[in-house]
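In what follows, a single structure is set out as structure tokens and then discussed.
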């Protein structure tokens, strides 16, 4: 992704999600992923795809189990889907 792509995607995501702390971080070196971060915590990646002249951007968010709050003791069990 070019610096212009990164700026445009960041502006769009900040507006869409109402999250001014969200940043799109260019890779440290060629060949690495463009990262999505909230302040200093990386939460995912962004990938650019050009197919038949149309450009799209995919955002992949990763949530680690260890980052989630604990399960409440009284939480009802939901059936698996």
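The relative contact order of the chain, computed from alpha carbon pairs under 8 Å that lie at least 6 residues apart in sequence, is 16 percent. Taking the fewest neighbouring Cβ atoms within 10 Å as the starting point, the ordered list for 38, 50, 25 is 50, 38, 25. Between (1) 168; (2) 229; (3) 71, which matches volume of the Cα convex hull per residue in Å³ calculated for the structure shown? Computed from these coordinates, volume of the Cα convex hull per residue in Å³ corresponds to label (1). Projecting label points 7 angstrom from Cα along Cα→Cβ for residue 40 and residue 73 puts them 3.5 nm apart.
Sorting 33, 74 by the number of Cβ atoms found within 10 Å of their own Cβ, with the fewest placed first, yields 74, 33.
Give me the angle, in degrees from 0 to 90, between the Cα long axis of helix 3-17 and the longest principal axis of the Cα atoms of the chain, rounded to the nearest 10. With rounding to tens, the tilt is 30 degrees.
Rule-based calculations on the coordinates, nothing more; no lab input. This is a predicted model, so every value here is computed, not measured. Cβ sites come from the backbone with ideal geometry, for glycine too, and all protein chains shown count toward neighbours.
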